[in-house]
Amino acid sequence: MNRQARFFTVVPPVAIAYLLWVFRPAAWDVMHIAGLVFTIFGIGLLTLARYQLGNSFSVTPQARVLVTTGLYSRIRNPVYVFGAIGIAGFILYLGRPRVLLIFLILIPMQIYRAHQEALVLEAKFGDHYRAWRRQTWF
């Protein structure tokens, strides 16, 4: 795994773990517990998705290898899906449910990014990409 891929695989879960510790609630309630569960679930699977991408991970859309195994055998964009779950969980963990309105901006941005990536992948992998796309969600 190259340096950039390793950085974007290791740093986010470490940073989130630190933030969970620093911002731990004084009194636990259902919202904080649910937030913790969603954060751990989302960030855990986000980290797995980034690991499964290996050196195919990039910040900008690139078509190095079409990864179709692991989480990618069911979901085309698990980094976006599980990242959103992790972010939503962290917002709940912080006790700020109104901040979930950020998803009114974040979700369209992620859909746009996924579309841009799809164009690059389809141009490079053609029918193989289209067949995989039909078998997966988002």
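List of remarks:
- Residue match in region 110-127 (condition: closer than 25 Å to ALA34 by Cα and open to solvent by 20 Å² or more (accessible area, probe 1.4 Å)): yes
- Scoring GLN62 on the criteria (1) touching a residue at least 12 places away in the same chain (Cβ under 8 Å); (2) open to solvent by less than 60 Å² (accessible area, probe 1.4 Å) leaves a single failure, condition (2).
- Number of positions in region 68-91 that are over 22 Å from ALA15 (Cβ atoms), open to solvent by 20 Å² or more (accessible area, probe 1.4 Å) and touching a residue at least 24 places away in the same chain (Cβ under 8 Å): 5
- Top-ranked residue in region 100-138 [being touching a residue at least 60 places away in the same chain (Cβ under 8 Å) and among the aromatic types (Phe, Trp, Tyr); ranked as nearest to THR68 (Cα to Cα)]: TRP132
- Among residues of region 1-37 being among the aromatic types (Phe, Trp, Tyr), open to solvent by 100 Å² or more (accessible area, probe 1.4 Å) and in a helix (DSSP H, G or I), the one that is nearest to GLY95 (Cα to Cα) is TRP21.
The values are calculated or read from the model by the stated rules, or taken from the named source; none is laboratory data. The structure displayed is predicted, hence computed values, not measured ones. We place every Cβ from the backbone using ideal geometry, glycine too, and count neighbours over all the protein chains shown. Calculation scope for accessible area: heavy atoms of the full protein, side chains included, ligands and nucleic acids excluded. Shrake-Rupley method; radii C 1.70, N 1.55, O 1.52, S 1.80 Å.
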